[in-house]
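The values are calculated or read from the model by the stated rules, or taken from the named source; none is laboratory data. Since this is a predicted model, take the numbers as computed values, not measurements. No Cβ is skipped: glycine too gets one built from the backbone with ideal geometry, and neighbour counts run over all protein chains shown. Ligands, DNA and RNA are excluded from the accessible area calculation, which covers all protein heavy atoms including side chains. Shrake-Rupley method; radii C 1.70, N 1.55, O 1.52, S 1.80 Å.
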Protein chains: 2
Amino acid sequence: MGATKTDHFTEKQNEIATFAKALGHPARIAIIEYLLKTDSCICGDIVNIIPLAQPTVSQHLKELKNAGLIKGNIEGNSICYCIDDKTWKKFEKTLGSLFIKYDLQKKCC
Amino acid sequence: MGATKTDHFTEKQNEIATFAKALGHPARIAIIEYLLKTDSCICGDIVNIIPLAQPTVSQHLKELKNAGLIKGNIEGNSICYCIDDKTWKKFEKTLGSLFIKYDLQKKCC
DNA sequence: AATCATTATCGTAATATTGCAATATACAAA
DNA sequence: TTTGTATATTGCAATATTACGATAATGATT
């Protein structure tokens with residue numbers, strides 16, 4: 001097949017998977033890291049930082065945006081991409097709960 | 001094309017992306033959640049929990065194992081899969097640093 | 001209006017992922 | 001040794017991802 005059977009899993013499981021999948025490429029990690037460490041968020045700057053062609057970077061930005069991890073605001077002639085506060089914190093919280101569960105568990109192997 | 005250009009990114013970026021990618025499927029999230037919430041870790045139990053065919057589950061287990069997130073120990077006739085303590089904590093730490101950076105940043109949009 | 005700069009989309013090729021039936025392997029028990 | 005049980009691998013089809021050149025679309029500037 002090749003299509004994920006999302007129907008068989010909970011909404012939360014699909015949600016975490018969507019976020020994780022969005023971060024599942026080094027270029028997208030690099031974009032997120034850039035947005036975290038700089039005040040600039042102009043698309044053109046991101047394209048210059050990422051060692052891939054402009055259409056490819058645009059595509060990665062789109063995926064991050066679709067996952068809700070970033071949002072784009074028109075800034076004069078260009079576009080300013082930023083971490084989406086709400087989704088990012090939601091992701092942090094959901095993932096955090098996984099790690100907390102681990103700390104509490106007794107390991108069996 | 002179709003092949004990620006890992007050479008162009010840092011080792012750390014590739015590492016985070018690998019972990020995130022491994023979690024980028026609801027079935028694999030379900031497997032991790034199961035391992036977190038139960039003492040059992042027998043492969044057969046996992047196969048019964050996940051609503052996919054046994055070979056498919058086996059493949060997902062393999063991917064989690066390749067990413068280093070889980071490990072398998074032979075337990076008599078079957079195999080016990082567990083969270084890999086070392087990698088899991090490494091992942092928690094690396095991801096955590098991303099979220100910490102966010103809390104400190106000034107948002108520009 | 002014409003031009004330039006910025007970003008998105010299209011089209012396409014290469015590769016990867018998802019899923020399962022069929023089969024193989026490995027080990028325990030009878 | 002044969003049979004059963006548990007897990008992995010193979011092979012294949014459908015779909016998704018990655019990447020980029022070419023091109024379109026948008027908005028600013030002249």
How many residues does the range B:56-95 contain that are open to solvent by 90 Å² or more (accessible area, probe 1.4 Å), assigned to a helix (DSSP H, G or I) and more than 11 Å from chain A (Cβ to nearest Cβ)? 6
Cβ-Cβ under 9 Å, sequence separation 6+ or interchain: first residue in the range B:53-65 and within 15 Å of residue B:26 (Cα to Cα), partner among the aromatic types (Phe, Trp, Tyr) and open to solvent by less than 50 Å² (accessible area, probe 1.4 Å). Which pairs? B:61/B:81; B:64/B:81
Can you tell me which residues in the range B:6-55 are within 14 Å of DNA strand D (Cβ to nearest atom), at the interface with chain A (Cβ under 7 Å from one of its Cβ atoms), open to solvent by 30 Å² or more (accessible area, probe 1.4 Å) and at pLDDT below 95? B:6, B:8
